[in-house]
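To start, the structure under review is shown below, and the notes come after it.
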Amino acid sequence: MSRPLRAHTRALQFMIMPLLALVLLAGCDSGQVGGGSQGYAIRVTFNARPITAMSQFCQETLVALAFVTALGPSQWNTASGNRPANLDANALVQQGYEIETTVNFYQSFLLVDHRGSQPTRGLVIIGGVDGADSYQADGAPRLVTGNRYLLVFGPTYDATARTYTTSKLMITNAYPVNAKQEVVLPVSGSATQPMTLNSLFKQLSSCPH
């Protein structure tokens, strides 16, 4: 299987799980966001495939070290950024609509990059608040501004085009870097000891590009 197809398959795995999860509704009115609309409060479960071997990092769309500087704004994953007016909350989840929040970084260092020639126009995390609507994904990465992370990115789902795309990437895994410049990775078969960034660089430098 080619690398782009593996990355796409992984994206499908972590994105499709919320479609089967519990949806909590705060009001059942459809209609445009804002303008007095009651809105929806949607809560799903995010299940990214866990990384259990260093070799898995080599198969990801993008892996980077970066400091998080800001979160927001948030919007729906549609061409306009607005929630479709003709769908209730259950239909929104079933059809792959979700709210995404933009993330800004500085001092980014790319370790793995398989995006190809398509430019990246946004980096996001799943979840957020857009007008009267909120979307919470339990188990999704949570980022703190000012902190440094080892970040794994995968394709996002364009609900308007009904397809996955790497023009905008979503954070699927986030591992904090501590003050000693170490990161703890949940790699199976090894003790949960922090790995230095130098060791991480050395191991990932063998990834094919």
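Values quoted throughout were computed directly from the atomic coordinates according to the rules given, and no laboratory measurement underlies them. Note that the structure is a prediction, hence the values are computed from the model and not measured. Backbone-built Cβ (ideal geometry, glycine too); neighbour counts: all protein chains shown.
Farthest toward the positive end of the dipole of segment 71-209, out of 102, 139, 153, is the Cα of 153, where the dipole comes from beta carbon charges about the Cα centre.
Each part reduced to its alpha carbon centroid, segment 54-87 and segment 107-162 end up 2 Å apart. For residue 82 and residue 142, the difference between the fully extended length at 0.36 nm per residue and the C-alpha to C-alpha distance is 19.3 nm. Cβ crowding within 10 Å, taken as a proxy for footprinting-reagent exposure, orders 149, 164 from fewest neighbours to most as 164, 149.
When you filter the trypsin sites (Lys or Arg not before Pro) in segment 120-178 for DSSP loop state and at most 12 other Cβ atoms inside 10 Å of their Cβ, you are left with 121, 142, 162. Using the Cβ atoms and a cut-off under 13 Å, what net charge is assigned to the surroundings of residue 158, where Lys and Arg are +1 and Asp and Glu are -1? Spelling it out: positives minus negatives among the neighbours equals +1.
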